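Input: a single structure, listed below in structure tokens.
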Amino acid sequence: MELVLVTGISGYVGQHVAAELLNAGYRVRGTVRDEAKSASVLKNLQGVADTKNLEFVTADLLNDKGWDDAVNGCAFVLHIASPFVLAVPKDENELIKPAVEGTQRVLNAAKRAGVKRVVLTSSVVAMTSGRASGDYGTDSWSDLTANIGAYAKSKTLAEQAAWDLAKDGEMELVAINPGFMLGPAIGKSGDGQSIAMIAGLISGKLPMVPQVAMGMVDVRDVAKLHVAAMKDKKSSGKRYIASTSEPVAMSKLAATLRDAGYSKVPSIKAPNFMIKMMAIFDREAKGMVPELGRMISYDISDTVDSLNWEPTPIDKSVLEMAASISK
């Protein structure tokens with residue numbers, strides 16, 4: 001059985017990817033920043049997979065220590081670990097530094113160890129941030145000269161750093177670029193930004209629905225696509241968009257939740273001018289401003305055809321996510 005390193009295994013995406021790998025018969029080694037996290041990850045994964053081939057190693061994206069041990073003996077590396085917050089940080093380097101330097105650390109260690117292939121978790125925000133409404137494919141990159149926010153900048157720079165490191169051909173690289181992720185968390189690992197947003201809607205803590213629309217995807221689909229891209233021999237050097245082809249409005253998600261009986265979900269749409277005013281003193285509101293009024297469509301044909309992807313309906317994703325939050 002081949003050994004696969006999963007960075008950020010304790011996160012929302014990481015646990016789904018680990019479960020997918022274990023159920024497919026791979027040995028999995030997961031990185032955690034704090035050794036204490038491994039116990040909760042193990043408990044969570046025991047409910048969805050056979051964990052006898054699961055092990056952990058401690059490593060931090062901001063420290064060289066531990067990465068050579070982490071990649072030792074691995075055939076593949078799935079680099080998922082990267083911070084994601086909607087709120088704009090006071091210092092953009094809080095996001096950019098771990099994303100970029102962490103990616104460089106992981107890929108350099110993988111090259112030294114002779115790893116076959118790295119699959120990088122990027123994002124559609126590395127493709128279309130700062131761009132006008134329209135149709136985009138895998139040849140698109142975000143405009144770093146625009147006011148795109150720290151998270152989008154971190155994902156763009158991290159993916160560009162990865163491709164730079166793969167230029168020499170010593171190691172194969174594939175990027176998965178997901179949209180806004182929905183779907184249930186495994187266990188109690190639901191601390192991601194998307195989970196926080198849906199939790200705010202169903203609890204009534206968000207009094208109005210922001211008028212934003214974006215590409216979305218089920219987290220379980222993202223996990224399956226990572227494993228498919230890892231295995232597919234023709235995927236080397238490719239970027240795969242994991243998203244709805246058309247943008248999904250937050251108001252549509254809210255309506256789906258209300259129709260399912262989540263009565264606290266607001267029906268009032270937040271006026272754009274209000275979001276912009278709030279952005280002056282609220283960092284989460286500031287993170288929404290670049291998305292106001294934008295309608296981005298994606299060409300997902302290569303992902304569907306090459307990786308045999310059948311996207312999960314977004315209504316199903318958000319309802320199952322809400323059900324897991326409400327437990």
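Okay, here's what the table says:
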item: Which listed residue is in contact with a Ser or Thr (Cβ under 6 Å, 6 or more places away or on another chain), in contact (Cβ under 8 Å) with a residue 24 or more places away in the chain and either open to solvent by 10 Å² or more (accessible area, probe 1.4 Å) or closer than 30 Å to ALA132 by Cα (or both), from GLY237, GLY183, GLY204; result: GLY183
item: Test: residue in the stretch 122-129 that is more than 17 Å from VAL71 (Cα to Cα), open to solvent by 20 Å² or more (accessible area, probe 1.4 Å) and modelled with pLDDT under 95; result: yes
item: Qualifying residue in the stretch 261-271 (condition: open to solvent by 60 Å² or more (accessible area, probe 1.4 Å) and either at pLDDT below 80 or part of a helix (DSSP H, G or I) (or both)); result: no
item: Verdict on VAL125 being in contact (Cβ under 8 Å) with a residue 60 or more places away in the chain and under 21 Å from ARG239 (Cα atoms); result: no
item: Residues that are closer than 10 Å to LYS155 by Cβ and either in a helix (DSSP H, G or I) or not β-branched (Val, Ile, Thr) (or both), drawn from the stretch 121-137; result: SER122, SER123, VAL125, ALA126, MET127, SER129
item: Pairs with Cβ under 9 Å, 6+ apart, first in the stretch 53-72 and in contact (Cβ under 8 Å) with a residue 60 or more places away in the chain, second assigned to a helix (DSSP H, G or I) and open to solvent by 80 Å² or more (accessible area, probe 1.4 Å); result: VAL71/ARG112
item: 3 or more residues surrounded by fewer than 20 Cβ atoms within 10 Å (Cβ to Cβ): qualifying strands (runs of 3 or more DSSP E) within the stretch 1-98; result: 54-58
item: Residues of the stretch 207-234 that turn out to be out of contact with any strand residue (DSSP E or B) (no Cβ under 7 Å at 6 or more places or on another chain) and either open to solvent by 30 Å² or more (accessible area, probe 1.4 Å) or not in a loop (DSSP other than H, G, I, E, B) (or both), as a count; result: 10
item: Residues that are surrounded by fewer than 17 Cβ atoms within 10 Å (Cβ to Cβ) and either of a type in the set (Asp, Glu) or not in a helix (DSSP H, G or I) (or both), drawn from the stretch 298-319; result: ASP299, ASP302, ASP305, ASN308, GLU310, PRO313
item: Scope the stretch 138-159; condition aliphatic (A, V, I, L, M), modelled with pLDDT under 95, farther than 19 Å from VAL217 by Cβ and not in a loop (DSSP other than H, G, I, E, B); matching residues; result: ALA150
item: Residue under evaluation GLY47, criteria (1) farther than 22 Å from GLN193 by Cα; (2) modelled with pLDDT under 95; (3) in contact with a strand residue (DSSP E or B) (Cβ under 9 Å, 6 or more places away or on another chain), criterion not met; result: (3)
item: Subset of the stretch 9-26 [under 11 Å from the mean Cα position of the chain (by Cα) and closer than 20 Å to GLY66 by Cα]; result: GLY11, GLY14
item: Meets criteria (open to solvent by 10 Å² or more (accessible area, probe 1.4 Å), over 30 Å from VAL4 (Cα atoms) and assigned to a helix (DSSP H, G or I)) for SER251; result: yes
item: Check on ALA223, farther than 27 Å from TRP163 by Cβ and either over 20 Å from the mean Cα position of the chain (by Cα) or at pLDDT 95 or above (or both); result: no
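The values are calculated or read from the model by the stated rules, or taken from the named source; none is laboratory data. Predicted model, so just to flag it, every value in this text is computed and none were measured. For neighbour counting, all protein chains shown are included, and Cβ atoms are generated from backbone atoms with ideal geometry for every residue, glycine included. These area figures cover heavy atoms from the full protein model, side chains too; ligands, DNA and RNA do not enter into them. Shrake-Rupley method; radii C 1.70, N 1.55, O 1.52, S 1.80 Å.
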